[in-house]
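The values are calculated or read from the model by the stated rules, or taken from the named source; none is laboratory data. It should be emphasised that the depicted structure is a prediction, and the values quoted were computed from it without experimental measurement. As a convention, Cβ positions derive from the backbone with ideal geometry for all residues, glycine included, and neighbour counts pool all protein chains shown.
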Amino acid sequence: MLLGSIVDPGYKILLFLHILAVVLAFGPTFGYGFFFSVAPQYPSAVPAILAGVQKVDKYLVNPGMVVLLLAGIGLLSASDGAWSGSDAFVVVGFIAIIALFGLQHGFFQPQTRKAKELAERDLRAGDTLSPEFEAISNRLGGVGSLAGLIIAVAVFFMAYKPFM
């Protein structure tokens, strides 16, 4: 029995919360690259862009990931044993959320904080951003692409539900 065939209203509410959490937690992060693509033309805007990223992380990404995980666990509980442990979409989902929690707290938050500090320092000294800032910005972009790929793979597995 696949989880999608369950019609219990509690299950449907958990599914709604799970999907909403994905949209709110990760949707905005796909726009970060566009904001940073204009940074070279408007270096004075970089600290404000980074402050916006930090605010989105604090109020959308972090709480959204918690709701996503809790709703996912709730969906498993509400499935009344429909999940056998061999469904790849569940395994991939758990691996993805654990990896994303690790990236968010171990990489993105500290690196964004450091990038903001560097941008503010650089702009106090002039109107350009340092190579040190550019290096962190490039690392954020590269790891951001990896995080986007993790999200896309997890969403694919959730939607397609292949078996292992």
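Things worth noting here:
- Once region 93-109 is narrowed to residues that are under 15 Å from G64 (Cα atoms) and of a type in the set (V, I, T), the residue that is surrounded by the fewest Cβ atoms within 10 Å (Cβ to Cβ) is I98.
- Test for S44: is it part of a helix (DSSP H, G or I), loosely packed, with under 14 Cβ neighbours inside 10 Å and among the polar types (S, T, N, Q): yes
- Selected residue [of a type in the set (F, W, Y), surrounded by 12 or more Cβ atoms within 10 Å (Cβ to Cβ) and at pLDDT 95 or above] from F35, F26: F26
- Residue check for A135: assigned to a helix (DSSP H, G or I) and over 16 Å from the mean Cα position of the chain (by Cα): yes
- Residue check for L103: closer than 22 Å to Y32 by Cα, touching a Ser or Thr at 6+ places or on another chain (Cβ under 8 Å), not in a loop (DSSP other than H, G, I, E, B) and not charged (D, E, K, R): no
- Residue-level check: of (1) in contact (Cβ under 8 Å) with a residue 60 or more places away in the chain; (2) over 15 Å from the mean Cα position of the chain (by Cα); (3) under 30 Å from D8 (Cβ atoms), V90 misses just (1).
- Evaluation of K161 against the conditions (1) in contact (Cβ under 8 Å) with a residue 24 or more places away in the chain; (2) on the phi < 0 side of the Ramachandran plot shows that the sole unmet condition is (2).
- Tabulated pairs, region 129-145, first farther than 14 Å from P110 by Cα, second of a type in the set (V, I, T) and assigned to a helix (DSSP H, G or I), C-beta under 7 angstrom, 6+ apart or interchain: L129/V46
- Restricting attention to region 24-48, the residues being of a type in the set (A, V, I, L, M, F, W, C) and without any contact (Cβ under 8 Å) to a residue 12 or more places away in the chain number 4.
- Hits in region 38-90 - residues which are of a type in the set (S, T, Y) and either modelled with pLDDT of 85 or more or out of contact with any Phe, Trp or Tyr (no Cβ under 8 Å at 6 or more places or on another chain) (or both): Y42, S44, Y59, S77, S84
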